[in-house]
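**Student:** Before we start, here is the structure in question, set down as structure tokens.
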Amino acid sequence: MKEMSYRDALREALFEEMQRDQSVFIIGEEVGRYGGAYGVSRGLYKEFGAQRVVDSPISEAGIVGLGVGAAITGLRPIVELMYVDFVGLAMDQIANQMAKFRYMTGGQLTIPMVLRTQGGTGRSAGAQHSQSLESWLVHVPGLKVVMPSNPRDAKGLLKTAVRCNDPVVFIEHKALYSTKGEVPEEEYTIPLGKALVLRQGVDVTILSYSAMVSVVLKAAVALSSEGIEAEVIDLRTLSPLDTETILSSAEKTGRIAVVSEAHRTLGMGAELSALITERCFEQLKAPVLRIAASDTPVPASILEKMSIPTEQSVVEGIRHLVSGE
Amino acid sequence: MKSKSSAVSSDLRLELLETMLRIREFEEATGEVFLRGLTAGSMLHLSVGEEAAVAGIGLAMKEGDYFTTHHRGHGIFIARGGRLDRMMAELLGRTDGYCRGKGGSMHIADIGVGHMGANAIVGANIPIAVGGGFTSKYRNEGKVSVAFFGDGALNQGILYESMNMAALWDLPVMFAVINNQYGMGTRIDRASACLEFVKRAESFGVRGAEVDGMDAEKVYLVSAELLCHSREGHGPTFLMANAYRYYGHGRKDPSPYRDKSEEQEWRRRDPIQMLKQRLLDEVVLSEKTFGELSDRVNGEVEAAVEFAKASPLPEDADLYRDVFVETQGEETV
């Protein structure tokens, strides 16, 4: 094992996959000479050249569309959207083209493409640079959506995403780039669609992903000191969901909380609540609890922290969930 | 009266005529099966009137060249070698269709002949064709990628993002506008403040040309030159082929928004009749050989309809098939 940052782990994945496969290329705003707005692709331009690390104009729809066309004709594009907040500019190409081509053509065309982007709060970047828009993307059949919470997963999942023959939306978190963790020295990949149980527990299941996982893990330690043992599951892939892992834990504990940085309304918590209620209602001891961001635009000020779940709000929420009060 | 001799070979002129005839007959037959309620979809946009524009560009392209099409894409695909039977099966929603019936009229694709897919979002196929041009350059394939679209797409922002990228990176891409004068029911001069579209392209550094889209030979010659420009590494081109849509936007649209006299005016310059007459005048073609050609094409179209009707409908389980590639890429390699 070696310790490395989330940013470096992602870069290593890009580097290794580009070295392994000539058909992989990166295109996006500032991915080349600048090294990526958050430094993920730093050094790749020098290593692989302008043909494989393509600095694009600010044309989000155009670069996603170019990626779709390049994928259809045999390349493996990694298209970078600098912020997930910019998906609106490219949404037709994402939802109507990238996601649907395989199905519309009866399996004739495949889109082996990764749309790399990043989202979330943590830098007081305001309402147009801090969102968690995964629900928009998970709602579209044909897209795989991945949101890694730590360096090891970030690297292993990104490598799999690049090798995957389906379109993958890979959403990183801006507040995680400098966080560090253990990463295997040797070559490895992590399958898409598999959640990971990070902590065993019997009293409550907490489902989370991306930057909220570390908040949840801290909350779980605090809860343990109060005698509440939480099972913590990192979903890692939001589409397709690992329903087996989710439901077996829900059946075991009977109490479930979903913690996410996205807005409460129609967020992942809503979907998971519906899934669990439909599939294991009999085993539930309490309604599924959503701990989510406020249904407000993300404020830039100190209010930003108030808008999202915190260790304290998770502890309080779970305490009430378990005590039934 | 003989016109001056053509720069296009006799064989090719006959091929243009045959291709146009095949498109016309296929589309008329498609309209018939549609009106009889046999097609899978409620939408059908015919290429009738656009035959010269699409056959001229289509035959100027080379084997392997990529292309994407739009709502009204049947004619282009036929010009690039699409099989009438599998096309008809697709329109009828049958499993022998190019997309197993899942695409329908507006989503036919056949990567085997370079067809990267038809598209029902106006202008959305354009950057995808730029992606084909990107691959061609990346792999040094020598292919040109053609984005076919209508005048309706001329005011979509994505066209200009696409033109800029193609010009910026000298990609082998042709932006081919089949201008049939109407975006659905809105005539081009009611949608665009300035009608000098070639200038728009040129301002992006894209070489542009405009051509009489009712004259297949002219379209062919201009297209061949533009495609050659891209194939030699000089970057993208833009071609505006001015044609007309004989039917309404959809097959059942009676076009109340346009004058009948305008329709008659355009029909007087029918692309098939014009080329046929020219070839008869120059004794490249006889009425007898035209009759034989016509019979052959009609036979193909009839066989295509029979093939489609005999093809099985999809099964329930097909609903969930092909959302994802089911076996590859997910497991640790």
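Read-outs throughout are calculated quantities, based only on the coordinates presented, and are distinct from any laboratory measurement. A quick note: this is a predicted structure, and the numbers were derived from the prediction, not measured. We place every Cβ from the backbone using ideal geometry, glycine too, and count neighbours over all the protein chains shown.
**Student:** How about region B:203-250: which GluC sites (Glu not before Pro) there lie in a loop by DSSP and see at most 13 other Cβ atoms within 10 Å?
**Tutor:** Here the GluC sites (Glu not before Pro) that fit, given the DSSP loop and packing criteria, are B:Glu232.
**Student:** Let me know the shape class of region B:174-280, please: from the alpha-carbon gyration tensor, a ≥ b ≥ c as square roots of the eigenvalues, rounded when a/c is under 1.5, otherwise prolate if a/b is greater than b/c, or oblate.
**Tutor:** Working: a/c = 2.69, a/b = 1.35, b/c = 2.00.
It is oblate, given that a/c is not under 1.5 and a/b is not larger than b/c.
**Student:** Please give the calculated 222 nm ellipticity per residue for chain A, where each DSSP H segment of at least 4 residues contributes -39500 (n - 2.57) and the sum is spread over every residue; nearest 500 deg cm²/dmol?
**Tutor:** -10500 deg cm²/dmol
**Student:** On to the next question. Is the shape of region A:1-145 rounded, prolate or oblate, going by the alpha carbon gyration tensor and its root eigenvalues a ≥ b ≥ c, with a/c under 1.5 for rounded and a/b larger than b/c for prolate?
**Tutor:** Values: a/c = 1.63, a/b = 1.13, b/c = 1.44.
Oblate shape, in that a/c is at least 1.5 and b/c is the bigger or equal ratio.
**Student:** Also, I was wondering about something else. Could you tell me the distance between the Cα centroids of region B:194-249 and region B:14-88, to the nearest Å?
**Tutor:** That distance is 19 Å.
**Student:** Within region B:6-43, list the trypsin sites (Lys or Arg not before Pro) lying in a DSSP loop whose Cβ has at most 15 other Cβ atoms in a 10 Å radius.
**Tutor:** B:Arg36
**Student:** Apply the a/c threshold of 1.5 to the C-alpha gyration tensor of region A:109-215 and tell me whether it is rounded, prolate or oblate.
**Tutor:** Here region A:109-215 falls in the rounded category.
**Student:** Could you give the longest part of chain A that holds none of the chymotrypsin sites (Phe, Trp or Tyr not before Pro) found in DSSP loops with at most 15 neighbouring Cβ atoms within 10 Å?
**Tutor:** Result, exposed sites excluded: A:35-187.
**Student:** Here's another thing I want to ask about it. Based on other C-beta atoms within 10 Å, arrange B:Tyr320, B:Tyr182 from fewest to most. Numbers along the way, then the final one.
**Tutor:** Values: B:Tyr320 11, B:Tyr182 22.
Lowest to highest Cβ neighbour count: B:Tyr320, B:Tyr182.
**Student:** Looking at chain B, do any whole DSSP H helices span at least 18 angstrom along their long axis by alpha carbon and average -0.5 or above on Kyte-Doolittle, and which?
**Tutor:** Qualifying helices: B:10-35, B:125-138, B:216-231, B:287-310.
**Student:** While we're looking at this one, here's another question. On a 0 to 90 degree scale, rounded to 10, what angle separates helix A:60-72 from the longest Cα axis of chain A?
**Tutor:** Approximately 80 degrees, to the nearest ten.
**Student:** Also, I was wondering about something else. Find how many whole Å separate the alpha carbon centroid of region A:65-91 from the alpha carbon centroid of region B:95-109.
**Tutor:** 24
**Student:** Another question about this same structure. With each label point set 7 Å from Cα along the Cα-Cβ vector, what nm distance links B:Glu196 and B:Glu262?
**Tutor:** 2.3
**Student:** For A:Glu182, A:Glu271, what ranking results if the residue with the fewest other Cβ atoms within 10 Å of its Cβ goes first?
**Tutor:** On the way: A:Glu182 11, A:Glu271 17.
Taking fewest neighbouring Cβ atoms as first place, the list is A:Glu182, A:Glu271.
**Student:** Within region B:37-124, report the GluC sites (Glu not before Pro) that DSSP leaves as loop and that have at most 15 other Cβ atoms within 10 Å.
**Tutor:** Sites meeting the loop and neighbour criteria: B:Glu63.
**Student:** Can you sort B:Met240, B:Met174 from fewest to most other Cβ atoms within 10 Å of each residue's own Cβ?
**Tutor:** Least to most surrounded, the residues fall as B:Met240, B:Met174.
**Student:** Relative contact order for region B:1-135: what percent, with Cα pairs under 8 Å and sequence separation of 6 or more?
**Tutor:** Values: 191 pairs, mean separation 30.7, N = 135.
Taking the mean separation of contacting Cα pairs over the length of region B:1-135, I get 23 percent.
**Student:** Something else now. Residue by residue through A:46-59, how many Cβ atoms from other chains fall within 10 Å of the Cβ on average?
**Tutor:** Working: counts 0, 0, 0, 0, 1, 4, 1, 0, 4, 1, 5, 4, 1, 9.
Mean shielding count: 2.
**Student:** Can I ask one more? How big is the charge dipole of chain B about its Cα centre, in debye rounded to the nearest 20, if each Lys and Arg gets +1 on its Cβ and each Asp and Glu gets -1 on its Cβ?
**Tutor:** Once rounded to the nearest 20, the dipole reads 620 debye.
**Student:** Can you give me the C-alpha center-to-center distance between region A:268-296 and region B:276-304, rounded to a whole angstrom?
**Tutor:** 68
**Student:** Put +1 on the Cβ of every Lys and Arg and -1 on every Asp and Glu Cβ in chain A; which of A:Ala70, A:Gln51, A:Ile302 then has its Cα farthest towards the positive end of the dipole?
**Tutor:** Value computed over the given set: A:Gln51.
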